[in-house]
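Only one structure is covered here, and it is reproduced in the block below.
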Amino acid sequence: MNIIKLNAIDSTNSYLKQMVANTQVEDELVVTATHQEKGRGQHGAVWQSQVGKSLACSLFKRFEKLFVSEQFLLNMVVSLGVLDALQQLDIPKVTIKWPNDIMSHGQKLAGILIENQIKGNYIDSSILGIGLNVNETSFAELPQATSLRLATGNNFSVEEVLQRVAKSVFEKLTTIQVSDFDAVREKYHSHLFRKDEISVFEIPQNKRKNGIIKGVSRQGKLLVAHEDDILTEYGLKEIKLLF
């Protein structure tokens, strides 16, 4: 694992994508930046970061014969890799909010953005963008956000957090092609935020509806049982958990 450390850039994912397009990038390369000016999350959302207090990094991983149909397996493995690293740091009550936000005590610690490079029926390589709140103590207009410091009361070395997260994610990805999907999904389910709890959701046409998260499908859709006991599958843009 080699690490490229940068100062202020638009985003680590964008920087790494340019590298992949223009050069032969080595496997397990990590790009990290002190500050991202245009960090992105899911659906184009902006990922806010504070200079010197946040971890903003992108990990590059090559694969052999990983089918495009296994994209959600990749999502779960990366999420579990980040979660395991945070558990090693003794971060309390760490869970995964579908599909791949990392939470502590019900507040968001980290976001993951996965961008795959496809060749035919296979995922040739992936850029795994990870934004993690480390030593922040306040979040303007983000009441549901938290940091490692707020979750524990301790200060952390951003460099140590980077090393642990990258090592954990790469270790899990090394065996992804021989991973048992159902076993990985079972572990993902065991850490799934608000699983088997009554929650409020926003569904299409701005309707609100109670439901209980039961898990995820093989295609990565969220399985929710509503008051009428009908189990419904939702894609990323079809449902929003309001807590």
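The values are calculated or read from the model by the stated rules, or taken from the named source; none is laboratory data. Because the structure is predicted, anything quoted here is derived from the model rather than measured. When we count neighbours, we look across all protein chains shown, and the Cβ atoms used for this are built from the backbone with ideal geometry, even at glycine.
Key figures
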{"item": "Which listed residue is of a type in the set (Gly, Ala, Ser), under 30 Å from residue 25 (Cα atoms) and modelled with pLDDT of 95 or more, from 104, 126", "result": "126"}
{"item": "Filter result (basic (Lys, Arg) and farther than 28 Å from residue 174 by Cα) within region 117-153", "result": "149"}
{"item": "Restricting region 185-224 to residues that are touching a Gly at 6+ places or on another chain (Cβ under 6 Å) and of a type in the set (A, V, I, L, M), the residue that is surrounded by the most Cβ atoms within 10 Å (Cβ to Cβ)", "result": "224"}
{"item": "Per-region count, region 112-149, residues over 21 Å from residue 79 (Cα atoms) and out of contact with any helix residue (DSSP H, G or I) (no Cβ under 8 Å at 6 or more places or on another chain)", "result": "8"}
{"item": "Any chance residue 155 is more than 23 Å from residue 32 (Cβ to Cβ) and either at pLDDT 95 or above or surrounded by 12 or more Cβ atoms within 10 Å (Cβ to Cβ) (or both)", "result": "no"}
{"item": "Filter pass, residue 104 being surrounded by fewer than 19 Cβ atoms within 10 Å (Cβ to Cβ), hydroxyl-bearing (Ser, Thr, Tyr) and assigned by TED's automatic domain parsing to the domain that holds residue 17", "result": "no"}
{"item": "Test: residue 115 is under 14 Å from the mean Cα position of the chain (by Cα) and charged (D, E, K, R)", "result": "yes"}
{"item": "Lone qualifier among 238, 136 - being in contact (Cβ under 8 Å) with a residue 40 or more places away in the chain, in contact with a strand residue (DSSP E or B) (Cβ under 9 Å, 6 or more places away or on another chain) and either of a type outside the set (A, V, I, L, M, F, W, C) or assigned by TED's automatic domain parsing to the domain that holds residue 31 (or both)", "result": "136"}
{"item": "Residue list for region 187-212, restricted to those being assigned to a strand (DSSP E or B) and under 21 Å from residue 78 (Cα atoms)", "result": "192, 195"}
{"item": "Some residue of region 189-196 being over 15 Å from residue 88 (Cβ atoms), of a type in the set (Asp, Glu) and without any contact (Cβ under 8 Å) to a residue 12 or more places away in the chain", "result": "no"}
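Results for (1) surrounded by fewer than 16 Cβ atoms within 10 Å (Cβ to Cβ); (2) modelled with pLDDT of 95 or more; (3) of a type in the set (S, T, N, Q); (4) part of a strand (DSSP E or B), shown as yes or no for each residue.
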| site | (1), (2), (3), (4) |
| --- | --- |
| 49 | no, no, yes, no |
| 52 | yes, no, no, no |
| 60 | no, yes, no, yes |
| 79 | no, yes, yes, no |
| 87 | yes, yes, yes, no |
| 96 | no, yes, no, yes |
| 109 | no, yes, no, yes |
| 114 | no, yes, no, yes |
| 118 | yes, yes, no, yes |
